[in-house]
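First the structure, in the form of structure tokens, and then the observations on it.
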Amino acid sequence: MTRSLFKGNFWSADILSTVGYDSIIQHLNNGRKNCKEFEEFLKERAAVEERYGKDLLSLSRKKPCGQFETNTLKRALEVFKQQVDNVAQCHIQLAQSLREEARKMEEFREKQKLQRKKTELVMDAVHKQKSLQFKKTMDAKKNYEQKCRDKDEAEQAVSRSANLVNPKQQEKLFVKLATSKTAVEDSDKAYMLHISTLDKVREEWQSEHIKACEAFEAQECERINFFRNALWLHVNQLSQQCVTSDEMYEQVRKSLEMCSIQKDIEYFVNQRKTGQIPPAPIMYENFYSPQKNAVPPGKATGPNLARRGPLPIPKTSPETRAFSGKCFYDMERAPRAAGPIATLCQS
């Protein structure tokens, strides 16, 4: 800074007034509160980031996400889960960084508090000395003024007693006048001494006030600069978190670009295929002409599966006749056999 603004703008016409100094102190206290508020904000933001990171980490590690996928899409999902895990770790690291920045803000705030304390102690002392000396000076002034009034009254009394013939009364008045004049001279000297002392105290206070203004202005410049840089760093950390997260998610996008729908379909077919021949059609089966070696419906019946033909018509042959005769002969020897069997044998 090329010139100090504090030391030229915080005065008062009243020698006892500290309104300018009090205004600066109030401003510095507000600045300290602002630093404290930002410090608390950083701590709360750190807690939010840590909680979010831990929740995201738990989600990434415990919650299934496409666990039955295969081949290229499975690999992309693995990259996705890993990058979500990485993003969660970054948020936890960001929380630690924010706590570190909050600690730095607290240290800066306490350092300025100690620096201010030294200046405030000096200013409190000179303010007290100035007020005390001002009171003494005003008391000396009142005493001086009273002595002057006493002298004036004594002079008036002497003037009024000029025509009195009592010399003793006149002598008393003259003694009183002389005494009052001496008292006026003594009070005047004391008053002037207090005025001189007050002026020295005032000059000392004024000098210390200027030093305090310069010191406080330098502190305020330092505080604003530190606060500004801290806030700048904070938003840079948040931006970097976004950039880092985007870089990690870019890895997921790249893995998704490598994902092939055709390859995943072919992979599934090759891993889980069950056959290339569909089931044979279901054939009609007549209840009265059942198929030989019939198979359950829906099963393959095999090629050239023919139906059973009609029964053949029996033919008469010499062997049949001989058999018939024998049968008749046997039936003769077994007369108890009768009925349809005997008739059949006789035919």
Tally of residues being of a type outside the set (S, T, N, Q) and over 16 Å from residue 116 (Cβ atoms) across segment 211-226: 0
Residue among 135, 142 that alone is at pLDDT 95 or above, out of contact with any Gly (no Cβ under 9 Å at 6 or more places or on another chain), open to solvent by 50 Å² or more (accessible area, probe 1.4 Å) and farther than 30 Å from residue 23 by Cβ: 142
Subset of segment 173-204 that is farther than 30 Å from residue 133 by Cβ and in contact with a helix residue (DSSP H, G or I) (Cβ under 9 Å, 6 or more places away or on another chain) - its residue that is most open to solvent (accessible area, probe 1.4 Å): 176
Criterion: surrounded by fewer than 13 Cβ atoms within 10 Å (Cβ to Cβ) and of a type outside the set (A, V, I, L, M, F, W, C) - qualifying residue of 36, 62, 7, 81: 62
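So that you can scan it fast, the table gives a plain yes or no per residue for (1) more than 22 Å from the chain's Cα centre (by Cα); (2) in contact (Cβ under 8 Å) with a residue 40 or more places away in the chain:
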| position | (1), (2) |
| --- | --- |
| 209 | yes, yes |
| 215 | yes, yes |
| 222 | yes, yes |
| 225 | yes, no |
| 244 | no, yes |
| 255 | yes, yes |
| 260 | yes, yes |
Qualifying position, being among the acidic types (Asp, Glu) and either under 30 Å from residue 34 (Cβ atoms) or in a loop (DSSP other than H, G, I, E, B) (or both), among 214, 204: 214
Residue tally, condition in contact (Cβ under 8 Å) with a residue 12 or more places away in the chain and among the aromatic types (Phe, Trp, Tyr), over segment 61-93: 1
Condition broken by residue 50, with the remaining ones in (1) within 30 Å of residue 24 (Cβ to Cβ); (2) within 16 Å of the chain's Cα centre (by Cα); (3) open to solvent by 30 Å² or more (accessible area, probe 1.4 Å) satisfied: (1)
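The values are calculated or read from the model by the stated rules, or taken from the named source; none is laboratory data. What you are looking at is a predicted structure, and each value in this text was computed from that prediction instead of being measured. Note that we place each Cβ from the backbone using ideal geometry, even for glycine, and neighbour counts take in every protein chain shown. Ligands, DNA and RNA are stripped out before the accessible areas are found, and what is left, the full protein with its side chains, is counted by its heavy atoms. Shrake-Rupley method; radii C 1.70, N 1.55, O 1.52, S 1.80 Å.
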